[in-house]
Amino acid sequence: MDQKDILWGLTDSNTMEEVREKAFALIGKIRFMPAATVNEGRPENRILDFNRLSDGNLYFMTSRGKPTYEQLCKRPQLVMNTLIDERYSLRLSAWVSETTDQAVWDEFFKLNPGTKEMYRKNFDIVALYRIDRGEGEIFHLYANERIRRLRFAFGGEEIRPMTYRITEECVGCGICQENCVERAIHQKDDGKYYIKEMDCDDCGICYTKCPQADTALICRLKEQGET
């Protein structure tokens, strides 16, 4: 596979804004995506229609009479994930806000005249939301089960960290590199190793093989008490 065909040619030399722009463009093209909210501590999922408008932002609507609206009032957050062309995926965790900007409403419903007609008996029940801030990832499983991923954040949020990292306690034995099936672990000039996140499957095999696990190779989930 040509390098330009892997993850649409994006690499870790691209800026976060370029990665976010690709993700937003994809969502705007796909439009209909599964999106989860939180209901009394439990996830609930449905399909929402995401429209990318001329200001570059993503918008969606719901009815104030639906559980989705009630859940967003309590916690205005969405988690989205979808498959693209079989081997690509896109994940986004985002915070949203309701908008009353008339220009946005006009543009949104010009693109969605059928939805406007659907709510013609009481258009006041419609709530229109904008995606304001969040973090996500675009992922490509390509030839020979190799992977490439890029994470991004926007609106002041931080990128979700990878699960495993190699510290300065690394002794340079190379066992992690020998066991990395994605060839994501490389040696630095000082003999220590590092993980190239773009190529990492985040599987944890390196952690299970490292003789200095928990010092030279750290599991973030274990650090945070999530395991």
Original post:
Got a sec? Which strands (runs of 3 or more DSSP E) wholly within the range 119-227 have at least 3 residues that are touching a helix residue (DSSP H, G or I) at 6+ places or on another chain (Cβ under 6 Å) and not charged (D, E, K, R)?
Top reply: 126-141, 147-154
Original post:
Looking at D12, is it surrounded by fewer than 17 Cβ atoms within 10 Å (Cβ to Cβ) and touching a residue at least 60 places away in the same chain (Cβ under 8 Å)?
Top reply: yes
Original post:
Only one residue in E44, E21 is surrounded by 12 or more Cβ atoms within 10 Å (Cβ to Cβ) and out of contact with any strand residue (DSSP E or B) (no Cβ under 8 Å at 6 or more places or on another chain). Which one?
Top reply: E21
Original post:
Which condition number in (1) over 23 Å from R160 (Cβ atoms); (2) surrounded by 18 or more Cβ atoms within 10 Å (Cβ to Cβ) is the one that T37 fails?
Top reply: (1)
Subject >> Residues satisfying the stated conditions in the range 166-202, i.e. open to solvent by 40 Å² or more (accessible area, probe 1.4 Å), of a type in the set (A, V, I, L, M, F, W, C) and modelled with pLDDT of 95 or more >> reply: V171, C173, I175
**OP:** Filter the range 148-163 for residues that are touching a strand residue (DSSP E or B) at 6+ places or on another chain (Cβ under 6 Å) and either farther than 14 Å from G136 by Cβ or of a type in the set (S, T, N, Q) (or both) and give the result.
**Re:** R148, G156
Subject >> Sole exception among (1) free of Cβ contacts under 8 Å to residues at least 12 places away in the same chain; (2) surrounded by fewer than 19 Cβ atoms within 10 Å (Cβ to Cβ) for Y88, by number >> reply: (1)
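Tell me, please, whether a residue that is of a type in the set (S, T, Y) and over 15 Å from I205 (Cα atoms) can be found in the range 158-166. If you could, list the steps in order and put the result at the bottom.
Of the range 158-166, the ones of a type in the set (S, T, Y) are 163-164.
Pick out the ones that are also over 15 Å from I205 (Cα atoms) and you get none.
Taking every residue of the range 158-166 in turn, none turns out to be of a type in the set (S, T, Y) and over 15 Å from I205 (Cα atoms).
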**OP:** Return yes when C219 is in contact with a Phe, Trp or Tyr (Cβ under 9 Å, 6 or more places away or on another chain), surrounded by 15 or more Cβ atoms within 10 Å (Cβ to Cβ) and not aromatic (F, W, Y) and no when it is not.
**Re:** yes
Original post:
For T115, all conditions in the list (1) open to solvent by less than 80 Å² (accessible area, probe 1.4 Å); (2) of a type in the set (S, T, N, Q); (3) part of a strand (DSSP E or B) hold save one; what is the number of the exception?
Top reply: (3)
Original post:
Residues in the range 132-148 that are crowded, with 16+ Cβ neighbours inside 10 Å and either without any contact (Cβ under 8 Å) to a residue 40 or more places away in the chain or over 10 Å from the mean Cα position of the chain (by Cα) (or both): how many?
Top reply: 5
Original post:
Any residue at all in the range 73-81 that is surrounded by 14 or more Cβ atoms within 10 Å (Cβ to Cβ), more than 16 Å from the chain's Cα centre (by Cα) and more than 23 Å from R151 (Cα to Cα)?
Top reply: no
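The values are calculated or read from the model by the stated rules, or taken from the named source; none is laboratory data. Bear in mind the structure is a predicted one, so any value in this text is a computation, not a measurement. Every residue, glycine among them, receives a Cβ derived from its backbone with ideal geometry; neighbour counts consider all protein chains shown. Accessible surface areas use protein heavy atoms only, side chains included; no ligands, DNA or RNA. Shrake-Rupley method; radii C 1.70, N 1.55, O 1.52, S 1.80 Å.
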